[in-house]
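Contents: one structure, followed by commentary.
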Amino acid sequence: MLHIYAAVAEKERRLISERTRAGLARLKALGVKLGNPNAPAAAVLARASLQAKADRDAERIWDHLAGIVARGIATDRGIADELNKLGIPSPRGGEAKWYGASVANLRRRLAARE
C-alpha cells in the first residue's frame, strides 16, 4: 500500500513540474519578464541593512573588547574565550558563541571605521 502511495506522489510531483514549466514557457513566449524586477535594488538594501546591524553590534561590544585587551589578552581566540566567559552575546544572539574568526571580523570592522 505504501509503495502505491509513493508512486502516486512521485507521479504528482512530476506532473506539477511539467505544468509549471509549460506555464512559464507560455509566459516567456508572450514576452512576460520572469523573475523579480526589484531583486538588484532589494539586494542593495539588504546589504546596507546587514552592514548597519554589524556596525551596531561592533559598537555594543567595543567597551568589552577594549577591557579584555587592556588586561593583556590579545589573541582573537583568547578574546573570544573571555567574551564567552562574560556571557556577552555574539552577533548571532541566542546560544551562539564567540570564535576566533568572529573576533577577527569584529576587529577588522572596528579598525575600518577609524
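FYI, it's all coordinate maths here, none of it is from the lab. As the structure is a prediction and not an experimental result, all values here were calculated from the model. With ideal geometry, Cβ positions are generated from the backbone for all residues, glycine too; neighbour counts draw on all protein chains shown.
Observations on the structure shown:
- The chain: most fluctuating residue of 26, 60, 77 per GNM, C-alpha cutoff 10 Å: 26
- By other beta-carbon atoms within 10 Å, ranking 110, 34 with the fewest at the front produces 34, 110.
- Per-residue Cβ neighbour counts within 10 Å put 32, 69 in the sequence 32, 69, beginning with the fewest.
- Ratio of Rg to Rh for region 39-114: 1.04 [Cα atoms; Kirkwood radius as inverse mean 1/r over pairs].
- For region 27-40, the Karplus equation 6.51 cos²θ - 1.76 cosθ + 1.60, evaluated at θ = phi - 60°, returns couplings of 4, 5, 5, 7, x, 6, 7, 8, x, 8, x, 9, 4, x Hz by residue, with Gly and Pro reported as x.
- 97, 33 arranged by Cβ crowding within 10 Å, fewest neighbours leading: 33, 97
- Across q = 0.20, 0.25 Å⁻¹, region 1-85 modelled as identical point scatterers on its alpha-carbon atoms has Debye log10 I(q)/I(0) values of -1.00, -1.08, in the order of the q list.
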